[in-house]
Amino acid sequence: EELEGKAARDRVMSGVSDPPPCSPPEAYPGPTAAFVAALEAELGRDKAARVLRWNVHGIPASAHAAEREAYLAAPSIEAWLEGWHARQVAVLEKHAADGTLWYEQRITPRVVEFVRDNQEILGAVRKGDRLYATKIPYDPDRFLTSGDPVEKRRLACHCPLAASTIVAGGAGVDPLWCECSAGYEKFIFDTVFGEETEARVLESVLGGSELCRYEIAIPASALAREKEKNAASSR
């Protein structure tokens with residue numbers, strides 16, 4: 001409604017019914033699929049993706065304020081990315097050591113190594129003016145030990161509104177829904193860079209991939225700031 005107006009919102013939601021309270025997870029993918037289809041029919045795929053990438057999770061910018069400060073203090077975007085990933089790995093190491101859950105997830109030494117070995121997971125890797133990030137599996141330890149490709153995709157998916165529909169050939173919810181996950185992933189970059197970034201889904205488990213991967217464009221202002229820093233340090 002905020003992006004497209006109340007009339008568009010009402011048209012999209014007119015044919016979508018929420019499951020009754022206390023419904024099992026399997027009751028939600030049907031309405032989710034109906035919502036995605038109605039959203040695309042109303043707005044077209046590109047605008048529907050933009051709506052889904054909005055901060056629908058309601059995360060406050062204050063949640064990433066410390067990383068904003070770390071970025072401002074870092075000599076380069078790459079240096080901030082390396083430090084951010086290292087800090088994330090350190091958090092996982094603590095949970096692996098004391099056995100406490102990280103959100104809903106059990107963290108084991110093999111999970112720590114899995115994340116440590118791939119800076120895209122709980123971090124990002126820069127290539128030119130783009131950043132690439134890969135979503136950590138929802139249940140990472142079971143994901144790493146499973147030998148069933150379909151089970152691995154279900155264990156990777158964080159979304160209870162879609163995960164139960166994942167099958168060998170895809171899923172019962174359109175992969176467009178995963179733009180919502182791209183919105184979640186990009187929000188830290190929105191906060192760190194101080195403006196909304198552009199993001200897109202490169203791969204998703206709903207689309208048949210083993211993991212979800214995203215591309216985020218570095219804003220021109222951040223590239224200019226980095227160029228100015230480099231010039232100042234060389235003088």
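The values are calculated or read from the model by the stated rules, or taken from the named source; none is laboratory data. Just so it is clear, the model here is predicted, and its values are computed rather than measured. Virtual Cβ from ideal backbone geometry, glycine too; neighbours counted across all protein chains shown. These area figures cover heavy atoms from the full protein model, side chains too; ligands, DNA and RNA do not enter into them. Shrake-Rupley method; radii C 1.70, N 1.55, O 1.52, S 1.80 Å.
Can you tell me which residue is least open to solvent (accessible area, probe 1.4 Å) among those in segment 167-187 that are more than 17 Å from TRP54 (Cβ to Cβ) and in contact with a helix residue (DSSP H, G or I) (Cβ under 7 Å, 6 or more places away or on another chain)?
Out of the qualifying residues, it is VAL173.
Given the conditions (1) closer than 17 Å to PRO219 by Cβ; (2) open to solvent by 60 Å² or more (accessible area, probe 1.4 Å); (3) in contact (Cβ under 8 Å) with a residue 12 or more places away in the chain, which single one is not true for ARG126?
Every listed condition holds for ARG126 apart from (2).
Give me the pairs, please: first residue somewhere in segment 54-68 and more than 19 Å from CYS178 (Cβ to Cβ) and in contact (Cβ under 8 Å) with a residue 40 or more places away in the chain, second residue anywhere and surrounded by 15 or more Cβ atoms within 10 Å (Cβ to Cβ) and of a type in the set (A, V, I, L, M), beta-carbon distance under 7 Å, and either six or more positions apart or on two chains.
Correct list of pairs: HIS64/ILE188; HIS64/VAL192; GLU67/ILE188; GLU67/VAL192; ARG68/VAL192.
Restricting to segment 51-75, give me the number of residues that are outside any helix (DSSP H, G or I) and either surrounded by fewer than 17 Cβ atoms within 10 Å (Cβ to Cβ) or among the aromatic types (Phe, Trp, Tyr) (or both).
So the count comes out to 8.
I need the full set of residues from segment 1-11 which are in contact (Cβ under 8 Å) with a residue 12 or more places away in the chain and not in a loop (DSSP other than H, G, I, E, B), in order please.
ALA8, ARG11
Being open to solvent by 30 Å² or more (accessible area, probe 1.4 Å) and outside any loop (DSSP other than H, G, I, E, B) is the filter here, so list the residues in segment 188-218 that pass it.
Listed by number, the residues that qualify are ARG200, VAL201, LEU202, GLU203, ARG213.
Restricting to segment 36-50, name every residue that is more than 15 Å from GLY183 (Cβ to Cβ) and either touching a Leu at 6+ places or on another chain (Cβ under 9 Å) or surrounded by 16 or more Cβ atoms within 10 Å (Cβ to Cβ) (or both).
Once the filter is applied, which keeps residues that are more than 15 Å from GLY183 (Cβ to Cβ) and either touching a Leu at 6+ places or on another chain (Cβ under 9 Å) or surrounded by 16 or more Cβ atoms within 10 Å (Cβ to Cβ) (or both), segment 36-50 yields ALA37, ALA38, GLU40, GLU42, LEU43, ARG45.
Report every pair of residues separated by at least 6 positions or lying on different chains whose Cβ atoms are under 6 Å apart, first residue within segment 78-96 and modelled with pLDDT of 95 or more, second part of a helix (DSSP H, G or I) and open to solvent by 50 Å² or more (accessible area, probe 1.4 Å).
Between residues of segment 78-96 that are modelled with pLDDT of 95 or more and residues that are part of a helix (DSSP H, G or I) and open to solvent by 50 Å² or more (accessible area, probe 1.4 Å), the close pairs are VAL89/ARG116; ALA96/PRO109.
Being surrounded by fewer than 23 Cβ atoms within 10 Å (Cβ to Cβ) and either among the acidic types (Asp, Glu) or part of a helix (DSSP H, G or I) (or both) is the filter here, so list the residues in segment 141-153 that pass it. Walk me through it before giving the result.
Pass one, segment 141-153, residues surrounded by fewer than 23 Cβ atoms within 10 Å (Cβ to Cβ): 141-152.
Matches in segment 141-153: ASP141, ARG142, PHE143, LEU144, THR145, ASP148, PRO149, VAL150, GLU151, LYS152.
Give me a count of the residues in segment 97-108 that are open to solvent by less than 60 Å² (accessible area, probe 1.4 Å) and either closer than 17 Å to GLU120 by Cα or modelled with pLDDT under 95 (or both).
Total satisfying the criteria: 1.
Considering only segment 117-169, how many residues are among the hydrophobic types (A, V, I, L, M, F, W, C) and on the phi > 0 side of the Ramachandran plot?
Of the residues in that region, 1 qualify.
Of these, SER164, SER221, which one is among the hydroxyl-bearing types (Ser, Thr, Tyr), open to solvent by 10 Å² or more (accessible area, probe 1.4 Å), farther than 25 Å from VAL115 by Cβ and touching a residue at least 40 places away in the same chain (Cβ under 8 Å)?
Only one candidate qualifies: SER164.
Could you list, in sequence order, the residues of segment 12-30 that are closer than 22 Å to VAL51 by Cβ, part of a helix (DSSP H, G or I) and open to solvent by less than 60 Å² (accessible area, probe 1.4 Å)?
Correct list: VAL12, PRO29, GLY30.
Scan GLU78, GLU4 and give me the residue that is crowded, with 16+ Cβ neighbours inside 10 Å and of a type in the set (D, E, K, R).
Numbers: GLU78 fails: crowded, with 16+ Cβ neighbours inside 10 Å.
Criteria check complete, one pass: GLU4.
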